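Remarks on the structure that follows.
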Amino acid sequence: MPMSRRRFCTQSMAALSLAALSKKRALAEALGSTGLGDLYRGDFLIGTAVSNRTLETQDRGMLDLIAREFSAVTAENCMKWGQVHPEAGRWEWELPDRLVRFASGHGMYLLGHTLVWHSQTARDLFQAPSGGGRISRDDLLRKMEEHIRTLVGRYKGKVAAWDVVNEAVDEDKGWRRSPWLEILGPEFLERGFHWAHEVDPAARLLYNDYNMHNPGKARFVAEFVRDFKKRGVPIHGVGMQAHVMLDSPTIAELEASIRLFADAGVQVHITELDVDVLPGREGSATSEISTRVGYSAELNPWPDGLPAEMERRLARRYEELFRLFLKYRDRIDRVTTWGTSDDETWKNNFPVPGRTNYPLLFDRKKQPKGAYRAVAALKNSG
Ligand code: G3I
């Protein structure tokens, strides 16, 4: 090869590897100094749920990681009725106040979760104040109004959005038969939205549920959302929790629901994303909180670490999910994972207690996983 040609080739190769190197460096820098929230700025917010443990111990490592990587935070537990308002007249403000200070201090979008839910309520919520029997319709409405006015009012201007009602729809049977429904009828939903809006008109108000890929459930939700909008009930978004598995639901199923909600005239929030990698049994593919499956070693195959092939499958799953979310970036306001690192996920104890699960973007040492890199690379490949 003539000298000049060899030099040309050597120089081209050097230029190529330099380009590869600088792309790699750009990715490393992006990951090191900014984080997913910055990478996805302009597409949608990237959120995580903050646990009670993080707030109680004021875990610096975790809080710094969250501040660097995410642009939104959700109260995983501390704003639920049973935690913040465990009995009539008693309010526990310490943890939610800490979360509000943290979010405000870092300019993060804060999601209040949740005003009205049938689970994790105060023990006496549905009991008559006199002690005997079920509470009356009027008394429950009074309690509900006082709860919403107090909680939303305290954080007015600080909580950007509320999950006003959580999980009020059954899989295929319409409204869930909860005490809320039995005592108040479906009217309880719109009452909640109206009260929250009156107190903080700037807050975005959402309906949030799991298994929203189920076409029957999604249609039911889209229908009442349209009805609410027609009648002036202030609803601004639908939360798809997205507690998914490696192979289900399909991307097509999720996509159909995103379109359905967007066509109903509201923004979509992916509110509780995680990917369960462990083997299932009957009942384990649902997020119905009352589901319980007994522990067995075969249901907990990787207590000491996830095999490389499973890591790759998890990364591919996150990648296809985020590709879908990016496709609908103008309809999706936020994608939130339900927790930050695998050691703190609820999936270690649901529906089977005491397992070692790997559903999130950071591992048990709070290091980014392959799934994280796959999600980040989607924004660095262009
Ligand atoms: O606060 C008590 C503490 O005082 C007590 O010592 C401890 C002992 O078990 O329990 C603590 O309460 C726990 C609570 O989380 C706060 O840490 C409850 O036992 C535990 O059941 C509860 O689990 C939460 C679950 O909701 C309960 O409904 C999970 O952390 C939380 O991730 C999960 O989140 C829900 C969403 O709100 C709605 N969508 C489904 C999602 C997953 O279930």
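The rows are residues; the columns are (1) among the hydrophobic types (A, V, I, L, M, F, W, C); (2) touching a Ser or Thr at 6+ places or on another chain (Cβ under 9 Å).
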position	(1), (2)
Gln58	no, no
Thr74	no, yes
Cys78	yes, yes
Gly105	no, no
Met108	yes, yes
Ile135	yes, no
Asp138	no, no
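Which one is nearest to the ligand (Cβ to nearest atom), of the residues in the range 157-173 that are closer than 20 Å to Met240 by Cβ and exposed (fewer than 15 other Cβ atoms within 10 Å of the Cβ)?
Glu171
Here are some conditions: (1) in contact with a strand residue (DSSP E or B) (Cβ under 6 Å, 6 or more places away or on another chain); (2) outside any loop (DSSP other than H, G, I, E, B). Gly339 meets all but one. Which one does it not meet?
Going through (1) in contact with a strand residue (DSSP E or B) (Cβ under 6 Å, 6 or more places away or on another chain); (2) outside any loop (DSSP other than H, G, I, E, B) one by one, Gly339 breaks only (2).
Which of the residues that make up the range 241-273 are touching a strand residue (DSSP E or B) at 6+ places or on another chain (Cβ under 7 Å) and more than 16 Å from the ligand (Cβ to nearest atom)?
Of the residues in the range 241-273, the ones touching a strand residue (DSSP E or B) at 6+ places or on another chain (Cβ under 7 Å) are 241-246, 257-258, 261-262, 266-273.
Leu246, Ser257, Ile258, Phe261, Ala262, Val266, Gln267, Val268 - these are the residues of the range 241-273 that are touching a strand residue (DSSP E or B) at 6+ places or on another chain (Cβ under 7 Å) and more than 16 Å from the ligand (Cβ to nearest atom).
Is there a residue in the range 339-357 that is within 17 Å of Ile270 (Cα to Cα), of a type in the set (D, E, K, R) and in contact with an Asp or Glu (Cβ under 9 Å, 6 or more places away or on another chain)?
Scanning the range 339-357, I find no residue that is within 17 Å of Ile270 (Cα to Cα), of a type in the set (D, E, K, R) and in contact with an Asp or Glu (Cβ under 9 Å, 6 or more places away or on another chain), so the answer is no.
Before we move on, is Gly339 on the phi > 0 side of the Ramachandran plot and within 11 Å of the ligand (Cβ to nearest atom)? Before the answer, list the steps.
Details: on the phi > 0 side of the Ramachandran plot: yes; within 11 Å of the ligand (Cβ to nearest atom): yes.
So Gly339 passes the test.
Could you list, in sequence order, the residues of the range 319-340 that are under 18 Å from Asp363 (Cβ atoms) and touching a Lys or Arg at 6+ places or on another chain (Cβ under 9 Å)?
Trp338, Gly339, Thr340
Would you say Asp124 is away from the ligand (no atom under 16 Å from the Cβ), farther than 21 Å from Asp209 by Cβ, modelled with pLDDT of 95 or more and open to solvent by 20 Å² or more (accessible area, probe 1.4 Å)?
Values: away from the ligand (no atom under 16 Å from the Cβ): yes; farther than 21 Å from Asp209 by Cβ: yes; modelled with pLDDT of 95 or more: no; open to solvent by 20 Å² or more (accessible area, probe 1.4 Å): yes.
Judged against the criteria, Asp124 is not a match.
Collect the residues in the range 73-101 that are open to solvent by less than 20 Å² (accessible area, probe 1.4 Å) and either more than 16 Å from the ligand (Cβ to nearest atom) or part of a helix (DSSP H, G or I) (or both), keeping them in residue-number order.
Once the filter is applied, which keeps residues that are open to solvent by less than 20 Å² (accessible area, probe 1.4 Å) and either more than 16 Å from the ligand (Cβ to nearest atom) or part of a helix (DSSP H, G or I) (or both), the range 73-101 yields Trp81, Val84, Pro96, Leu99, Val100.
Pick from the range 202-234 the residues that are within 16 Å of the ligand (Cβ to nearest atom) and part of a helix (DSSP H, G or I): which of them is surrounded by the most Cβ atoms within 10 Å (Cβ to Cβ)?
Keep residues of the range 202-234 that are within 16 Å of the ligand (Cβ to nearest atom), which gives 206-214, 217, 221.
Next, from what is left, pick out any that are part of a helix (DSSP H, G or I): 217, 221.
Numbers: Lys217: 20, Val221: 23.
Of everything passing the filter in the range 202-234, Val221 is surrounded by the most Cβ atoms within 10 Å (Cβ to Cβ).
State yes or no: is Gly192 outside any loop (DSSP other than H, G, I, E, B) and either within 30 Å of Ser104 (Cα to Cα) or open to solvent by 40 Å² or more (accessible area, probe 1.4 Å) (or both)? Spell out the reasoning first.
Values: outside any loop (DSSP other than H, G, I, E, B): yes; either within 30 Å of Ser104 (Cα to Cα) or open to solvent by 40 Å² or more (accessible area, probe 1.4 Å) (or both): yes.
In short, yes.
Among Leu21, Leu45, Leu39, which is at pLDDT below 95 and open to solvent by 10 Å² or more (accessible area, probe 1.4 Å)?
After applying the criteria, what remains is Leu21.
The values are calculated or read from the model by the stated rules, or taken from the named source; none is laboratory data. This is a predicted model, so every value here is computed, not measured. Glycine gets a Cβ as well: all are built from the backbone with ideal geometry, and neighbour counts include every protein chain shown. Each accessible area value is taken on the protein alone, full model and side chains, heavy atoms only, with ligands, DNA and RNA left out. Shrake-Rupley method; radii C 1.70, N 1.55, O 1.52, S 1.80 Å.
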